[in-house]
Amino acid sequence: MGHMMAIEQEWWKNKLAEDIYATLKLKEQTIPQFHAQSSQLWIRRHLVDWLAVIVSEIGICATAQHLAVYLLDYFMDGLEVELCYMHLMALTCLLIAVKFEDHCDRIPHYNKLNSYIPVTQYNTGQPYTARQYLNMELNILKFSSFELCIPTVPNFSSILSQ
């Protein structure tokens, strides 16, 4: 047991970890830039803060949280989303990120995600349907060309902190 713990704590020192780090560094060079050109940029902070609360309450990993924010930024930067679908878009970015970065046991069900929908001036708080989530997921994936391997800060933090 103690030997296994030492291996897990020093995973970043092996050849595979070096290759992963090099690949992430290379991939980082090709990430599309965030231009902050959305006319809806004013709502971004609210959505990111709101997602952080959900991530904390559900116990989602940091890499999924950062990927969700990247997807949200990238999608908003290129497309205008009707205000009534902003929370659906943010929740779907989180859902995609959890599916890609976290353990399958952490993937929240639509009902759980719907429980976080706030009532706002542009949103009645009505739950989104499974079809709406799936349609939004497909839109986000198509827009990002199904490219989800995006290096974010948590991908490097464990390596760089050593």
- Task: Determine the relative contact order of the stretch 36-160: mean sequence separation of Cα pairs under 8 Å and six or more apart, normalised by residue count, in whole percent.
- Result: 30
- Note on the structure: Stretched fully, the stretch from residue 45 through residue 29 gains (0.36 nm per residue minus C-alpha distance, one decimal, in nm) 3.2 nm
- Message: Testing the spin-label approximation: label points 7 Å from Cα along Cα→Cβ at residue 105 and residue 122. State their distance in nm.
- Response: 3.8
- Here Rg/Rh (Cα, Kirkwood) for the stretch 36-160 equals 0.94
- Query: Near residue 142, which lysines are there with a Cα under 30 Å away, not counting those fewer than 8 places off in the same chain?
  - Reply: 25, 27, 99, 112
- In whole Hz, what ³J(HN,Hα) sequence does the stretch 41-56 give by Karplus (6.51, -1.76, 1.60; θ = phi - 60°), x for Gly and Pro? 4, 4, 9, 4, 4, 4, 5, 5, 4, 4, 4, 4, 5, 4, 4, 5
- Exactly which GluC sites (Glu not before Pro) in the stretch 65-153 are in a DSSP loop and have at most 11 other Cβ atoms within 10 Å? 80, 82
- In order over the stretch 88-105: 3J(HN,Hα) from phi, Karplus 6.51/-1.76/1.60, θ = phi - 60°, whole Hz, x for each Gly or Pro, gives 4, 4, 5, 5, 6, 4, 5, 4, 4, 4, 5, 4, 8, 10, 10, 6, 4, 5
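Can you classify the stretch 23-77 as rounded, prolate or oblate using the Cα gyration tensor, where a ≥ b ≥ c are the square roots of its eigenvalues, rounded means a/c under 1.5, and otherwise it's prolate if a/b beats b/c and oblate if not?
Oblate shape, in that a/c is at least 1.5 and b/c is the bigger or equal ratio.
Only the coordinates and a few stated rules stand behind these numbers; no lab work does. None of these values were measured; they are calculated from a predicted model. With ideal geometry, Cβ positions are generated from the backbone for all residues, glycine too; neighbour counts draw on all protein chains shown.
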